[in-house]
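No value in this document is a laboratory result; all are computed from the given coordinates. Owing to the predicted nature of the structure, the values given are computational and were not obtained by experimental measurement. All Cβ positions, even for glycine, are placed from backbone atoms using ideal geometry, and neighbour counts span all protein chains on display.
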């Protein structure tokens, strides 16, 4: 019987000829990523033995640079850990700083066909690279770092066959919102993306989808390999790998054909994402206090470019705080070189250093009582970005940028059609 | 057999609701004071050890933060939901919170009723209505970890991590 992408990766990682939904397997973890919250004094358990320091990646991303003394102490614990075990792949505040899932992408650490774990829920981001990547929480992360192993209970897979091409101004964030609206949650299922339209989606676009798979409540969200993906990895990481293609007779819980040309810009209403999205026009006019573009899902170069196109030659509306947080310092530098940062800053955006920042309500743009925010990040949950009474809408970077200019939730088409010069 | 008073919560209960971001910096025993502060202020003062939390679909969706540990520290007898987010479930196993998937459980209980749960027989019974539902199976190895305090005691015994200094 044939296997899906995830089944093939996990069969290999667990030393089985085949695996199937329902199986509980123990798999070798090829890459284990620790982030700064792993070292919170209230969470960290001191590891005495590591399976292999070369499998470890340590990234400080959630709260950088340290905004308070507690965090400064947590960073110190992390640096001690790195020094004690001689971990080479360490990303501290500075030139190499960034969000762990973005760093994993840029460095090609999520090798196709391998298993990658991190405590963070958006680790599924690495699925864009044909990697069985998953957030596992602190206890399983420590277990994987110490023993080199982790466990998975195999889920059935839903296959999305992508056709056509997204229309101008529509991005995979809109596609994600459409999936959440149309099909609801994907609990206890993997998602596999493939089909002829893959070639039209760059790696940034794919990574938005794989990252947001977490918000569909999916187990893994993986992409079938193609030349775009394989070349991206080979340019970044010389390590050998074996990409996994689905078998022709793989068994899927369901196959769904999607025509990308039918997708339109959507916005999720506050407090939840699943079955809570409407066309932007239906939320238009809602006054906002803050607009945010950033996170592991939408802090990519494509996202900053989309925002710059919308705001070029314009000014952020009075009373609106427009915050832009690149996913990594490397993206920041590329955006400077491309002129996007200049355009954003001249429009009145505040561009921060790379960090998870406002997405998690940790720092760099925390919401106050009864404020309204529109965000291109990962979550609109109650209390997520600050005060629990704040209302968080979620949309694409272009929609967020247009809303920052208008001061109310606004369709970006209105700005792009007016022919602004970038 | 676990028997306890039921508290009901709806669909998509996120880990942000159980452990808000600002509480992450606190020490373990202070974190549990923040559970459901945003959606049900004061609940942590009403809930008693042994009570049972019943949720809807996708319970525990969201961040991988140790929200399960706060629920365990509040003394929740067990958590039952129509479906449980798999990362949250991993943390339930890892931190030793008994968490059970049981499609239909949310509709079968009113708040304040008594639930009787048998992990071994995989059943949950509403003491008031008599309705009995079956719990989805949990692989034996995971159930054993979940019922015996989670992963850290195991790693400690095997010398992989240092004991906690209280």
Inset, instruction - Let me have the 222 nm mean residue ellipticity of chain B computed from DSSP H runs of 4+ only, each contributing -39500 (n - 2.57), with the sum over all residues rounded to the nearest 500. - result: -6500 deg cm²/dmol
Legend entry - Distance between region A:212-254 and region B:40-106 - C-alpha centres, whole angstrom: 32 Å
Inset, instruction - Estimate the FRET efficiency between residue B:43 and residue B:123 by the formula 1/(1 + (r/R0)^6), using the beta-carbon distance for r and 30 Å for R0, to the nearest 0.05. - result: 0.65
Legend entry - Contact order relative to length of chain A, as percent, for alpha carbon pairs under 8 angstrom and 6 or more apart: 18 percent
Legend entry - Ranked packing of A:325-336, A:37-48, most packed first, by mean Cβ within 10 Å: A:325-336, A:37-48
Legend entry - Within region A:162-179, backbone nitrogen closer than 19 Å to the virtual label 7 Å beyond the Cα of residue A:417 toward Cβ: A:167-171
Legend entry - Antiparallel bridge percentage (DSSP; both residues within region A:268-413; nearest 5): 15 percent
Legend entry - Antiparallel bridge percentage (DSSP; both residues within region B:2-157; nearest 5): 50 percent
Legend entry - Spin-label model distance (nm) - residue B:113 vs residue A:389, 7 Å beyond Cα toward Cβ: 3.6 nm
Inset, instruction - Quick one: compute the contact order of chain B, relative version, from alpha carbon pairs under 8 angstrom and 6+ residues apart, as a percent. - result: 23 percent
Legend entry - Length-normalised contact order for region A:99-176 - Cα pairs under 8 Å, 6+ apart - percent: 20 percent
Inset, instruction - Sort the protein assembly as shown into rounded, prolate or oblate with this rule: let a ≥ b ≥ c be the square roots of the eigenvalues of the Cα gyration tensor; rounded if a/c is under 1.5, and if a/c is not under 1.5, prolate when a/b is larger than b/c, oblate otherwise. - result: rounded
Legend entry - Residue exposure sequence - A:221, A:125 - by fewest surrounding Cβ within 10 Å: A:221, A:125
Legend entry - Antiparallel DSSP beta bridges within the protein assembly as shown, as percent of all bridges there, nearest 5: 30 percent
Inset, instruction - Quick one: check the C-alpha center-to-center distance for region A:1-69 versus region A:261-330, whole angstrom. - result: 31 Å
Inset, instruction - Sort B:132-142, B:69-79, A:56-66 for me by packing, meaning the mean count of neighbouring Cβ atoms within 10 Å per residue, highest on top. - result: A:56-66, B:69-79, B:132-142
Inset, instruction - Please identify which residues in region A:77-116 have an amide N closer than 14 Å to a label point set 7 Å out from the Cα of residue A:234, following the Cα→Cβ vector. - result: A:112
Inset, instruction - Could you state the orientation-averaged shadow area of the convex hull built on the Cα atoms of region B:2-157, in nm² to one decimal? - result: 8.5 nm²
Legend entry - Average beta-carbon neighbours from other chains, 10 Å sphere, peptide B:62-74: 5
Inset, instruction - Could you tell me the distance between the Cα centroids of region A:360-419 and region A:134-175, to the nearest Å? - result: 25 Å
Inset, instruction - Calculate how steeply helix B:86-95 sits against the longest principal axis of the alpha-carbon atoms of chain B, using the helix alpha-carbon long axis, and give the answer as 0 to 90 degrees to the nearest 10. - result: 60 degrees
Legend entry - Pair residue A:253, residue B:131: separation of 7 Å Cα→Cβ label points (nm): 2.4 nm
Legend entry - Likely footprinting exposure, A:289, A:163, A:101, A:122, fewest C-beta neighbours within 10 Å first: A:163, A:289, A:122, A:101
Inset, instruction - Report the residue, chosen from A:261, A:27, A:297, that carries the largest GNM mean-square fluctuation when chain A is represented by alpha-carbon nodes joined by springs under 10 Å. - result: A:261
